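See structure below.
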Amino acid sequence: MLNIALPKGRLGETVYDLFERAGFDCPSIKEKSRKLIFENEKTGVRFFWVKPSDVPIYVERGAADLGVAGKDIILEYSPDVYELLDLKLGKCRMAVAAKKDFHDETVKTLRVATKFPNIASEYYEKIGRDIDIIKLNGSIELAPILGLSDVIVDIVETGTTLRENDLEVKAEILPISARLIANKSSFRFADREIGLIAEKMKELVTEHD
Amino acid sequence: MNDAVLTREEKVVFALRELYRRYGYLPYRMSKFEEYELYVRNKEFMVGDRVIAFNDTNGKMLALKPDVTLSIIKGGEDRPGEKQKVYYDENVYRVSKSTHRFKEIRQAGLECIGEVDLYDVFETVSLACESMNAIGGDYLLTVSHLGLLTDALSRVSRDPAFLSAASGCVAGKNAHDLKAVCEKSGVSDADYDGLCRLLAANFAPADAPAFLSTLPDSDATREIASLAALLAASPYADKIRFDFSLTGDVNYYNGFIFKGFLRGIASDVLSGGQYDGMMEKLGRKSRAVGFALYLDLLEALDEPEPGFDVDVLLLYGEQNDPAAVMAKANTIRASGKTCSAQRAIPEKLRYRELVDLTKEATKC
């Protein structure tokens, strides 16, 4: 039986549909109930929903053999896992955004508000810019509007929230999408089962692409 | 000694000592402390780069040992033609990846230092398998050769940024991001496919000839072929997988590297390989191969015991004669049961049977 951690929310539901189309369905997951774990003995899979940022933890610690996590979460937490497939779902970008009239005068330390301090630090280190990280857990867009930060580093999907708040993307850091990840030990002992799932899902992703 | 009183970790340590002794490895004992400077100079070699440092009474900066191999290399000397074969089980002090605090970790392992040849690598890999076997349960040992990936990458590009990004992708079995890295560096589709074959490789020693026949001949492929042939004919053939996504710092490691996995434990429990680069950095001319087994991880295999802490709780009171209490307890123990004598019933003690002396006797 393979344990699979799915991210709660819209992305997780789309990802489950992909598993279903790949032949690893679990009908009970669609029933309304308070159950936390959904199992299909026939297909040999057991799904559970977890907070998206917790997926890599479940997989790295072996509570899940497989999981689906955004590239943003993987880069931020650097879990020791295999990244088997880009599912090309939940596509968005990690970007630097600021007020439209903001110009980065490099004479002073740049104040960066973000939920992703590691990604932000690495980006600015690469371009040699001195920064002060302000770690926030939500409503990041407020930070430059209220003067808490000069810029934000955050996920941008459509850009609507930015536009409506008079903010704009100043630089793109990297594209983001959902990835299929595997625990390194599980990959050793269940290589055939994991390989089969990855292969079937790859076929579907390639078809769709 | 009653086997039940030993923890899994202790049983494994005894079994490993016996195993390594049979192969002629000598015990290596060392101080808990080491010169702080040694770790500052070689922090890339260690798992984690932080150590617990303190000043000795003479003002010298010391550290609680975070690593054993460095001390063994530092303490030895090169003797042409000879090999130093030692084993250890020691506590080391490192920052835990999960709690970000220092943790005492029990580590066992062995090192073979000198004119290391194919036999020594074969023996070390065999002992790694035997060590995993001593723990019990299902295990697998993944073996890689750093030269194979280094050769393949350097044939494609010498750009350090490409090499770093591409080896990261190979280590994560991440073919999709590797494609992007290759496209950015103008790497051909054929070269990308070649790197993907290394990234996806996962085969038993007997399948090595077929895999190697697709690669250009090199020192690495010849070494892999020789070791694979030995391992294919060994008792561990079905416990070994060649997997070239297993990588290491090429400044320290070279040639073969390997990691051991136990079913039921989420990360590797054994890690080792050839580390001639480290020897050279420490001014040694000898070659070296060895491995470490992280015994603290074995805790994950222990199921919580559903039973009792003691068989009999012997309850006595002020009125009971201590000699009579002892005699009663000894009678219980003589029947093979464990017995805890108490004045009151401890809230958290799980006992199978209660013998209440307070109702039986009065003090003489």
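FYI, it's all coordinate maths here, none of it is from the lab. Every value quoted in this text rests on a predicted model; they were computed, and no experiment measured them. Virtual Cβ from ideal backbone geometry, glycine too; neighbours counted across all protein chains shown.
Considering only B:Ala233, B:Ala53, B:Ala341, the Gaussian network model of chain B with Cα springs below 10 Å gives its largest mean-square fluctuation to B:Ala341.
For the residue pairs A:Lys115/B:Lys173; A:Lys30/A:Lys202; A:Lys202/B:Lys173; A:Lys8/A:Lys32; A:Lys202/B:Lys179, the C-alpha atoms sit more than 22 angstrom apart in A:Lys115/B:Lys173; A:Lys30/A:Lys202. Checking the Cα-Cα distances for B:Lys43/B:Lys85; B:Lys11/B:Lys259; A:Lys35/B:Lys11 against a 30 Å cut-off, the pairs over it are A:Lys35/B:Lys11. In chain B, the sites counted are chymotrypsin sites (Phe, Trp or Tyr not before Pro) in DSSP loop states with at most 15 other Cβ atoms within 10 Å, and the longest stretch holding none of them, exclusive of the sites, is B:24-307.
Of all the options B:Asn254, B:Asn42, B:Asn202, the one that moves most in a Gaussian network model of chain B with Cα springs shorter than 10 angstrom is B:Asn42. Computed on the range A:120-209, with alpha-carbon pairs under 8 angstrom and 6+ residues apart, the relative contact order is 15 percent.
Listed by number, the DSSP H helices of chain B that run 15 Å or longer by alpha-carbon position along their axis and have mean Kyte hydropathy of at least 0.5 are B:118-135, B:146-156, B:160-171, B:219-232. Within the shell of other residues whose beta carbon sits under 15 angstrom from the beta carbon of B:Asp219, the net charge comes to -2, with Lys and Arg scored +1 and Asp and Glu -1.
Per-residue shielding of A:80-87, expressed as the average number of other chain Cβ atoms within 10 Å of the residue Cβ, stands at 5.
Taking every residue in B:261-269 and counting other chain Cβ atoms within 10 Å of its Cβ, the average works out to 5. Among residues other than B:Pro66 with Cβ under 15 Å from its Cβ, the summed charge is +2 (Lys and Arg +1, Asp and Glu -1). With the charge dipole of the protein assembly as shown set up from +1 on Lys and Arg Cβ and -1 on Asp and Glu Cβ about the Cα centre, the Cα lying farthest toward the positive end among the listed residues A:Tyr124, B:Leu127, A:Phe48 is that of A:Phe48. Overall, the protein assembly as shown carries a charge dipole of about 1100 debye about its Cα centre when +1 sits on the Cβ of Lys and Arg and -1 on the Cβ of Asp and Glu, all other atoms neutral. Across chain B, C-alpha contacts under 8 Å between residues 6 or more apart give a mean separation that, scaled by the residue count, equals a relative contact order of 16 percent. Under conditions of 25 °C and 0.890 mPa s, the range B:129-285 yields 149 µm² s⁻¹ as its translational diffusion coefficient, taking Rh as the Kirkwood radius over Cα pairs in the Stokes-Einstein equation. What does the C-alpha gyration tensor say about the overall shape of the range B:310-363? Classify as rounded when a/c is under 1.5, otherwise prolate if a/b is larger than b/c, or oblate. Because a/c hits 1.5 or more and a/b fails to exceed b/c, the range B:310-363 counts as oblate.
Highest mean packing first, where packing is the average number of other Cβ atoms within 10 Å per residue, the peptides A:52-59, B:168-175 line up as A:52-59, B:168-175.
Charge dipole (Cα centre; +1 on Lys/Arg Cβ, -1 on Asp/Glu Cβ; no other charges) of the range B:211-364 amounts to roughly 360 debye. Based on DSSP H runs of at least 4 residues, each adding -39500 (n - 2.57), what is the mean residue ellipticity at 222 nm of the protein assembly as shown after dividing by all its residues, to the nearest 500 deg cm²/dmol? Computed ellipticity for the protein assembly as shown at 222 nm equals -10000 deg cm²/dmol.
In debye, nearest 20, what is the charge dipole magnitude of the range B:310-363 about its Cα centre with +1 on Lys and Arg Cβ and -1 on Asp and Glu Cβ, if you could check?
Here the range B:310-363 has a charge dipole of around 160 debye.
When the charge dipole of chain B is built from unit charges on Cβ atoms (+1 for Lys and Arg, -1 for Asp and Glu) and taken about the Cα centre, the candidate among B:Leu64, B:Leu118, B:Ser185 whose Cα reaches farthest toward its positive end is B:Leu64. Binning the C-alpha pair distances of the range B:69-185 at 10 Å intervals from 0 yields a P(r) profile of 10, 25, 29, 30, 7 %, listed from the shortest bin outward. For the range A:172-185, the Karplus equation 6.51 cos²θ - 1.76 cosθ + 1.60, evaluated at θ = phi - 60°, returns couplings of 9, 8, 6, x, 10, 7, 7, 10, 8, 10, 9, 5, 5, 6 Hz by residue, with Gly and Pro reported as x.
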